[in-house]
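Here it is: the structure, laid out below.
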Amino acid sequence: MTADDKKAPQGELLHTDFTNNMTYGEYLALDQLLSSQTLLSGHHDEMLFIVIHQVSELWMKLIIHEVQAAISSIRKAELQPAFKMLARVSAIQSQMTQAWDVLSTLTPAEYMEFRGKLGRASGFQSYQYRQIEYLLGYKTPHILTIYEKDPELHSLLKTAYHAPSIYDAAIEALARAGFPIDRHLLKRDYSVTYTGDPTVKAAWMQIYNDVHAYWNLYQLAEKLMDVEDSVQQWRFRHMKTVERIIGFKVGTGGSSGVQYLKNVLDHRFFPELWDVRTEL
Ligand code: HEM
């Protein structure tokens with residue numbers, strides 16, 4: 001016990017001398033993190049709006065970290081670690097979806113007090129969100145143009161844009177397991193959004209028809225479904241929360257707003273995994 005260690009009222013011994021030790025706040029860079037909420041309007045509810053976006057971006061950072069590692073595991077034929085990482089991704093996604101409950105406490109009247117201050121800024125420009133879409137295989141190019149003004153970020157996004165997605169890695173795993181996958185798929189231009197292939201569908205059909213023979217690939221398919229399902233849940237809650245707050249106004253990012261968000265709901269990342277459900 002040093003002279004500066006103190007007893008708490010409950011009798012617990014607490015460390016209080018941090019002259020030569022790192023504190024919790026230093027480790028987590030809390031000074032930086034907690035001074036990054038700059039309200040533009042001074043309106044009480046803008047704090048909620050900023051924090052909910054920042055929390056979501058932090059979760060997205062972890063999702064990217066996990067999905068990138070899951071892709072490299074699958075490509076090395078190490079499926080078990082990938083399952084563990086994808087389970088974590090699903091748990092993070094649940095947190096992100098539940099965050100809409102908090103944002104729903106923002107009423108249209110409150111949002112209108114500061115919406116004008118946002119200018120053209122919109123979640124549409126979230127580069128981490130696009131990175132996640134790229135990792136899952138949805139390669140929309142417009143975000144690359146938006147971030148041309150930042151060479152470092154632009155090059156990071158471009159790399160993700162041209163890299164194989166987690167579904168490309170899964171298709172490679174099917175080929176490795178001996179399924180007759182079209183060879184062109186294994187050397188395709190990864191910057192093009194994958195839309196489906198009969199050889200991949202046939203492989204998944206065989207797996208779902210005999211799950212015990214292909215347990216690992218079956219588990220991979222279901223883990224991918226968990227992630228895609230959760231992306232759709234998040235998209236749906238976003239769309240409905242937006243409708244609740246701004247109705248059918250156009251978005252600050254320049255889109256039609258709710259209608260745009262409804263259209264995005266139709267996109268499928270892993271098309272054959274949905275198709276097999278109809279055909280089994
Ligand atoms: C009052 C709250 C919110 C409103 C009114 C709102 C509105 C919108 C609208 C209208 C769009 C379509 C693009 C545009 O024209 O702007 C959009 C896109 C988007 N928003 Fe939000 N949003 C809100 C909160 C959030 C939050 C908390 C996040 C979390 C990060 C978020 C992330 C996104 C993303 C990633 C997109 C792009 C979706 C896509 O292209 O598929 N939004 N938002």
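The values are calculated or read from the model by the stated rules, or taken from the named source; none is laboratory data. In this text, all values refer to a predicted model and were calculated from it rather than measured experimentally. Cβ: placed from backbone, ideal geometry, glycine included. Neighbour counts: every protein chain shown. Ligands, DNA and RNA are excluded from the accessible area calculation, which covers all protein heavy atoms including side chains. Shrake-Rupley method; radii C 1.70, N 1.55, O 1.52, S 1.80 Å.
When you scan region 165-199, how many residues do you find that are in a loop (DSSP other than H, G, I, E, B), over 25 Å from His65 (Cα atoms), among the charged types (D, E, K, R) and without any contact (Cβ under 8 Å) to a residue 40 or more places away in the chain?
Looking only at that region, the number is 1.
Next question, about the same structure. Does region 223-252 hold any residues that are open to solvent by 40 Å² or more (accessible area, probe 1.4 Å) and of a type in the set (Asp, Glu), and which are they?
Scanning region 223-252 gives Asp226, Asp229, Glu243.
Among the residues of region 264-277, is there at least one that is over 30 Å from Thr199 (Cα atoms) and more than 6 Å from the ligand (Cβ to nearest atom)? Even if it seems obvious, please write down each step before you answer.
Taking region 264-277 as the starting set, the residues that turn out to be over 30 Å from Thr199 (Cα atoms) are none.
Checked against the condition, which is being over 30 Å from Thr199 (Cα atoms) and more than 6 Å from the ligand (Cβ to nearest atom), region 264-277 yields no hits at all.
Also, quick follow-up: Under 8 Å between Cβ atoms, at least 6 apart or on separate chains: pull out the pairs that start in region 61-79 with a residue that is within 19 Å of Tyr214 (Cβ to Cβ) and end on any residue that is surrounded by 13 or more Cβ atoms within 10 Å (Cβ to Cβ) and hydroxyl-bearing (Ser, Thr, Tyr).
Short answer, once both residue conditions are applied: Leu79/Ser73.
Ala77 versus (1) on the phi > 0 side of the Ramachandran plot; (2) surrounded by 15 or more Cβ atoms within 10 Å (Cβ to Cβ): which is the lone unmet condition?
Result: Ala77 passes all but (2).
Using the structure shown, decide if Asp182 is open to solvent by less than 70 Å² (accessible area, probe 1.4 Å) and away from the ligand (no atom under 16 Å from the Cβ). Break it down into steps so the answer makes sense when it comes.
Values: open to solvent by less than 70 Å² (accessible area, probe 1.4 Å): yes; away from the ligand (no atom under 16 Å from the Cβ): yes.
Judged against the criteria, Asp182 is a match.
Inspect all residues belonging to region 123-138 and state whether any of them is of a type in the set (A, V, I, L, M) and more than 14 Å from the chain's Cα centre (by Cα).
No, that holds for no residue.
Conditions: (1) within 12 Å of the ligand (Cβ to nearest atom); (2) open to solvent by 40 Å² or more (accessible area, probe 1.4 Å). Ser255 meets all but one. Number of the miss?
Unmet for Ser255, out of (1) within 12 Å of the ligand (Cβ to nearest atom); (2) open to solvent by 40 Å² or more (accessible area, probe 1.4 Å): (2).
Which count do you get for residues in region 32-66 that are more than 17 Å from Lys117 (Cα to Cα) and either touching an Asp or Glu at 6+ places or on another chain (Cβ under 8 Å) or away from the ligand (no atom under 16 Å from the Cβ) (or both)?
Looking only at that region, the number is 6.
Okay, next question. Select, from Met60, Met96, Met47, Met85, the only residue that is over 30 Å from Gly137 (Cα atoms) and either part of a helix (DSSP H, G or I) or of a type in the set (D, E, K, R) (or both).
Working: Met60 fails: over 30 Å from Gly137 (Cα atoms); Met96 fails: over 30 Å from Gly137 (Cα atoms); Met85 fails: over 30 Å from Gly137 (Cα atoms).
It is Met47.
Please work out if Pro141 is modelled with pLDDT under 95, in the same structural domain as Trp59 (by TED's automatic domain parsing), surrounded by fewer than 16 Cβ atoms within 10 Å (Cβ to Cβ) and within 16 Å of the ligand (Cβ to nearest atom). Explain how you work it out, then say what you get.
Numbers: modelled with pLDDT under 95: yes; in the same structural domain as Trp59 (by TED's automatic domain parsing): yes; surrounded by fewer than 16 Cβ atoms within 10 Å (Cβ to Cβ): yes; within 16 Å of the ligand (Cβ to nearest atom): yes.
Yes; evaluated as a whole, the condition is true for this residue.
To continue, here is another question. Right, Glu12: of a type in the set (D, E, K, R) and free of Cβ contacts under 8 Å to residues at least 12 places away in the same chain or not?
yes
Filter region 200-216 down to the residues that are open to solvent by 40 Å² or more (accessible area, probe 1.4 Å) and part of a helix (DSSP H, G or I) and list them by number.
Here is the first cut: in region 200-216, the ones open to solvent by 40 Å² or more (accessible area, probe 1.4 Å) are 201-202, 206, 209-210, 212-216.
Result: Lys201, Ala202, Gln206, Asn209, Trp215, Asn216.
May I pose another question? Is region 4-13 home to any residue that is over 23 Å from Ala169 (Cα atoms) and in contact with a His (Cβ under 6 Å, 6 or more places away or on another chain)?
Let us first name the residues in region 4-13 that are over 23 Å from Ala169 (Cα atoms), namely 4-13.
Going one step further and asking which of them are in contact with a His (Cβ under 6 Å, 6 or more places away or on another chain), we end up with 5.
Checked region 4-13: at least one residue is over 23 Å from Ala169 (Cα atoms) and in contact with a His (Cβ under 6 Å, 6 or more places away or on another chain).
Let me spell it out: the conditions are (1) more than 16 Å from the ligand (Cβ to nearest atom); (2) more than 23 Å from Ile92 (Cα to Cα); (3) polar (S, T, N, Q), and Gln219 meets all of them except one. Which number is the exception?
Unmet condition: (2).
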